[in-house]
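A short worksheet on the structure shown next.
The numbers here are math on the coordinates, done by the rules we state, and not lab data. Please read all numbers here as calculations on a predicted model, not as lab measurements. In this analysis, Cβ positions are derived from the backbone assuming ideal geometry, glycine residues included, and neighbour counts consider all displayed protein chains.
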Amino acid sequence: MKKRKNDFILLAAVVIVAALIWGFTRMTQSEGAYAVVTVDGEVYGTYPLDTDTEIRIGDDEHYNILVIKDGKAEITEASCPDKLCVKQGEAEYDGQSIICLPNKVVVEIKGGKQSDYDAVAK
């Protein structure tokens, strides 16, 4: 009888530990990286970085072309005069952003991988 009680306690302990591990992994699990696009402070759209796509942001006169490919977001074309947003290159790391001031467009990466660097100076 004592052996059966110990087996039950061991089984209950294993189940509890397994449930705790499962719960911890579910709570810390990332949903995946995505790009949040805002125009003039309003959310324009949210796009996953794991799906290759091309999005035209804006109208015929003021626009940006956002390309998501291979887990990275990049503005490849813009109607703004200085094209600084195009020159910013690709964004893939959590918190990284691409900003077009003339068109009031901000692309921010959320849930992406962490950068190995705190800052980059050119």
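Looking across I75, I98, I65, I57, one residue alone is more than 18 Å from G32 (Cβ to Cβ), in contact with a Ser or Thr (Cβ under 7 Å, 6 or more places away or on another chain) and of a type in the set (A, V, I, L, M, F, W, C). It is I65. The residues of region 46-79 that are of a type in the set (A, V, I, L, M, F, W, C) and part of a strand (DSSP E or B), listed by number, are I55, I57, I65, L66, V67, I68, A73, I75, A78. Note on region 80-113: residues that are of a type in the set (D, E), in contact with a Gly (Cβ under 9 Å, 6 or more places away or on another chain) and not in a strand (DSSP E or B) amount to 2.
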